[in-house]
Amino acid sequence: MITADIIRQMPKVLLHEHLDCSLRTSTMLRLWEKRGFDSGESDFPKTVLMLWQKGEREAAADAFQDYLAAEASRSLTGYINAINHFVVPLLQTEENIRLVTQERIADAVADGVSAMELRYAPQLSTIEGLSLAKVMDAIVEGVESSPIPVNLTLCCLRHENGQVAKSLADIALSYKQVTAFDLAADESAFPGVLDWWLKEADRVREHGITPTIHLGETNSVSDADIQKLIDHKIGRIGHGIRILENQDEGNYCFEVCPTSNVTTGQVKDLSQHPVNRHLQEGRRVALSTDGTLFNKTNLTNEYWKMHQTFAWGMPEFQKILGNAIDASTFDQNEKQRLHKAVTEFCSVTK
Ligand SMILES: [Zn+2]
């Protein structure tokens, strides 16, 4: 009998989560209070402010999360605006970056995550003067005290260009904690496997960093793009829910984030999510959150929803966890340790 608590205890591996989409709303409100709620950068919902000022902190944090989730699910523009207005201004000091990194890891540990890859576009934190290196130092400091292994992924954003990608590739190569190099953001406005990103992805791959790409999340994927993935040995795809059966020759690992796809309106509800078909047809699926803030989720919750919607049990969980471990950027010793923990857990709780 599978319960949410058993799933929480399962030693789960998280491959795909954005730091800027995974803050605690209680922390956000505290940091906003320090910064000034009426700094002109954000238009705080009145109910949240009222509760916060009355000292009802928990209720204010909950109302804020409801508000942000609603904004994010309104439209892609609403989602991006919510990040830009409410999150990005808080990530402009080393102290805050370090804090949210530490908190995110603590929450993942409480969620039963045994190893995680955390991703961020550090250029978002350079708006008020921090250098990329200072941003990275703060994240690395946040990771240093982690009780679980945490690797970092740097994200190029689709609306950027080769210049930005080059500086991100340079910075990725100078931090041993960075093990993956991603392309993220608005696929519908800037679709496909972008050549300026590919050039830098090739460069970091030669130094052992794994390129990963958000693809097939909002758009179908052309055969030319599939060929690029094969030619450039890109084996990890964020979402990939629109990639077709006959396009899977690369045997990719799909970092599927079911709730996120519902939030952004890509899938009407979970029962219609292709993740179950992907798994049944033998594709390499791994479950992730994409982010906890706007999706109001965590990894336990994603697994639990798959159990409730598609009756996934231990065999399915063991399979997707194995996929996540194999596709991860952890070293062979770490992978062996993670595999062993999963096998032991699943055999005891079968
Ligand atoms: Zn993502």
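Brief remarks follow.
- Count of residues meeting criterion [of a type outside the set (K, R), buried (at least 20 other Cβ atoms within 10 Å of the Cβ) and assigned to a loop (DSSP other than H, G, I, E, B)] in segment 275-313: 10
- Unique match (being more than 26 Å from A286 (Cβ to Cβ) and not in a helix (DSSP H, G or I)) among E141, E160, E117, E95: E160
- Near pairs, Cβ below 8 angstrom, 6+ apart or cross-chain, from segment 195-218 (within 16 Å of the ligand (Cβ to nearest atom)) to any residue that is charged (D, E, K, R) and part of a helix (DSSP H, G or I): P211/D202; P211/R205; L215/D225
- Verdict on E316 being charged (D, E, K, R), at pLDDT 95 or above, crowded, with 23+ Cβ neighbours inside 10 Å and within 28 Å of I2 (Cα to Cα): no
- For segment 51-65, filtered to residues that are touching a residue at least 24 places away in the same chain (Cβ under 8 Å) and not aromatic (F, W, Y), the residue that is nearest to T27 (Cα to Cα) is A61.
- A Cβ distance below 8 Å, combined with a sequence gap of six or more or placement on separate chains, defines the contacts here; from segment 177-192, residues that are in a strand (DSSP E or B) reach residues that are among the polar types (S, T, N, Q) and more than 12 Å from the ligand (Cβ to nearest atom) in the pairs V178/N151; T179/N151; T179/T210; T179/T329; A180/N151; A180/T210; A180/T329; F181/T210.
- Qualifying residue in segment 304-318 (condition: within 16 Å of the ligand (Cβ to nearest atom) and either under 20 Å from the mean Cα position of the chain (by Cα) or under 29 Å from D186 (Cα atoms) (or both)): no
- Test: residue in segment 34-43 that is surrounded by fewer than 18 Cβ atoms within 10 Å (Cβ to Cβ) and either touching a residue at least 60 places away in the same chain (Cβ under 8 Å) or within 16 Å of the ligand (Cβ to nearest atom) (or both): no
Residue by residue, here is whether (1) of a type in the set (S, T, Y); (2) surrounded by fewer than 19 Cβ atoms within 10 Å (Cβ to Cβ) holds:
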| residue | (1), (2) |
| --- | --- |
| I213 | no, no |
| G216 | no, no |
| D223 | no, yes |
| I230 | no, yes |
| E245 | no, yes |
| F254 | no, no |
| C257 | no, no |
| T264 | yes, no |
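- The number of residues in segment 219-261 being in contact (Cβ under 8 Å) with a residue 60 or more places away in the chain and within 16 Å of the ligand (Cβ to nearest atom) comes to 5.
The values are calculated or read from the model by the stated rules, or taken from the named source; none is laboratory data. Just so we're clear, the structure is a prediction, and the values are computed from it rather than from any experiment. Virtual Cβ from ideal backbone geometry, glycine too; neighbours counted across all protein chains shown.
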